[in-house]
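Reading through the structure tokens given below for one structure.
The values are calculated or read from the model by the stated rules, or taken from the named source; none is laboratory data. Keep in mind it's a predicted model, so treat the numbers as computed, not measured. Heads up, the Cβs are rebuilt from the backbone with ideal geometry, glycines too, and the neighbour counts pull from every protein chain shown. When the accessible area is computed, the model is the full protein with side chains, heavy atoms only, and any ligands, DNA or RNA have been set aside. Shrake-Rupley method; radii C 1.70, N 1.55, O 1.52, S 1.80 Å.
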Amino acid sequence: MLTTWQAPGGSEELAIRCGDHASGPRLLVLPAWFDESNKTRHFTVELMRLLAERGVASVLPDLPGCNESLADLTRQTLASWREASAAAAEHFACAQ
């Protein structure tokens, strides 16, 4: 399922959710960066579907400046992506 979430800095980002998020564990799956993301996205989503079949829900968020994000890539840093990852984990109540 495609959904959205609010990243630090105010950008609205997309995320793909698989599995039953109402119960059971939730796994945050961080995307590969840049060109590798394009090469591995299908594989990553298929893995998430297999996890869902085994009762593990997961979410794959777009990070600011990456994939479908409208946030300016040149304004992103490793620290801002770490902050966004933590915010996504909190937003989607993923296991830590």
statement: Quick tally, 1.4 Å probe accessible area for His21, His42, His91, sorted with the most first, runs His42, His91, His21
message: Computing the accessible area with a 1.4 Å probe over protein heavy atoms, can you report the carbon and sulfur percentage for the chain?
response: 55
- request: Kindly report the accessible area of the chain per residue (heavy atoms of protein chains, probe 1.4 Å, no ligands, DNA or RNA), in Å².
  value: 61
field: C-alpha long axis of helix 78-91 to longest principal axis of the chain, angle in °
entry: 40
Within the chain, helix-based [θ] at 222 nm, where runs of 4 or more DSSP H residues each add -39,500 (n - 2.57), nearest 500: -11500 deg cm²/dmol
- prompt: Where the centre of each part is set by its Cα atoms, how far does segment 1-63 sit from segment 79-96, in angstrom?
  reply: 12
- request: Calculate the all-directions average of the projected area of the chain's alpha-carbon convex hull, and give it in nm².
  value: 5.7
- line: Once phi for every residue in segment 12-26 is put through the Karplus expression 6.51 cos²θ - 1.76 cosθ + 1.60 (θ = phi - 60°), the whole-Hz ³J(HN,Hα) values, with Gly and Pro written as x, are 8, 10, 8, 8, 9, 10, 10, x, 8, 7, 7, 8, x, x, 10
query: If Lys and Arg each add +1 and Asp and Glu each add -1, what is the summed charge of the other residues whose beta carbon sits under 12 Å from the beta carbon of Asn67?
result: -4
- prompt: What's the angle, to the nearest 10 degrees (0 to 90), between helix 35-53's Cα axis and the longest principal axis of the chain?
  reply: 20
